[in-house]
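This report refers to the structure that appears directly beneath it.
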């Protein structure tokens, strides 16, 4: 773990565990119970930019972090902790750092009065996207690095469950379908992985397309 992100996680932990956090936790309502009783959840009024995630992405680190928060009656963050880890301490610390800079309007009960609430929400910090073009610009070498990180971090999962791979194969299936071509199965994960190891500078989409034909 980098020294900077280690310090970030430590500083954030001290910042959110404010005096009175324990009592806030005892008095806070569960988000599900609040909604069932006709109340409303906190509304985020500011989400900080996720600058800095590129340093993690450059090493293949990515994923989803589920965070438990307590938002007070004044909308201030009373506590935040990891409910479900991404399995990367650095990514978890980065996500907590983002949450620590968010601002909220408080939750309200059915009568419209502010209440403290315990809520959970996922923070998705994924490297590849078809929307912003990053997937189409991805190199074979980058794909291999992501696959190696995924295999090491999630040994119980199949390598073809890597999110970038699922996005890639989904795009090609959609293209074949829209063109009226037979769907087929396309090249398997290991075939593309091995070819990419041999030619790391080649674009991943070009490699996939060549192996598909």
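Check region 111-118 and report whether any residue there is under 20 Å from residue 33 (Cα atoms), out of contact with any strand residue (DSSP E or B) (no Cβ under 9 Å at 6 or more places or on another chain) and either in the same structural domain as residue 28 (by TED's automatic domain parsing) or outside any helix (DSSP H, G or I) (or both). Taking every residue of region 111-118 in turn, at least one turns out to be under 20 Å from residue 33 (Cα atoms), out of contact with any strand residue (DSSP E or B) (no Cβ under 9 Å at 6 or more places or on another chain) and either in the same structural domain as residue 28 (by TED's automatic domain parsing) or outside any helix (DSSP H, G or I) (or both).
Here is a yes/no grid of residues against (1) in the same structural domain as residue 52 (by TED's automatic domain parsing); (2) farther than 15 Å from residue 27 by Cα; (3) in contact (Cβ under 8 Å) with a residue 40 or more places away in the chain:
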| residue | (1), (2), (3) |
| --- | --- |
| 64 | yes, yes, yes |
| 71 | yes, no, yes |
| 76 | yes, no, no |
| 84 | yes, yes, no |
| 92 | yes, yes, yes |
| 105 | yes, yes, yes |
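Report yes if some residue within region 159-170 is surrounded by fewer than 16 Cβ atoms within 10 Å (Cβ to Cβ) and in contact (Cβ under 8 Å) with a residue 60 or more places away in the chain; otherwise report no. For region 159-170, residues surrounded by fewer than 16 Cβ atoms within 10 Å (Cβ to Cβ) and in contact (Cβ under 8 Å) with a residue 60 or more places away in the chain: absent. Out of curiosity, is residue 157 modelled with pLDDT of 95 or more and in a loop (DSSP other than H, G, I, E, B)? Against the criterion (modelled with pLDDT of 95 or more and in a loop (DSSP other than H, G, I, E, B)), residue 157 qualifies.
Each row is one residue, and each column tells you yes or no for (1) more than 27 Å from residue 200 (Cβ to Cβ); (2) in a helix (DSSP H, G or I).
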residue	(1), (2)
45	yes, no
48	yes, no
79	yes, no
82	yes, no
104	yes, no
132	no, no
146	no, yes
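A Cβ distance below 7 Å, combined with a sequence gap of six or more or placement on separate chains, defines the contacts here; from region 28-52, residues that are touching a residue at least 24 places away in the same chain (Cβ under 8 Å) reach residues that are part of a loop (DSSP other than H, G, I, E, B) and surrounded by fewer than 12 Cβ atoms within 10 Å (Cβ to Cβ) in the pairs 37/110; 38/110; 39/110.
The values are calculated or read from the model by the stated rules, or taken from the named source; none is laboratory data. Predicted model, so just to flag it, every value in this text is computed and none were measured. Every residue, glycine among them, receives a Cβ derived from its backbone with ideal geometry; neighbour counts consider all protein chains shown.
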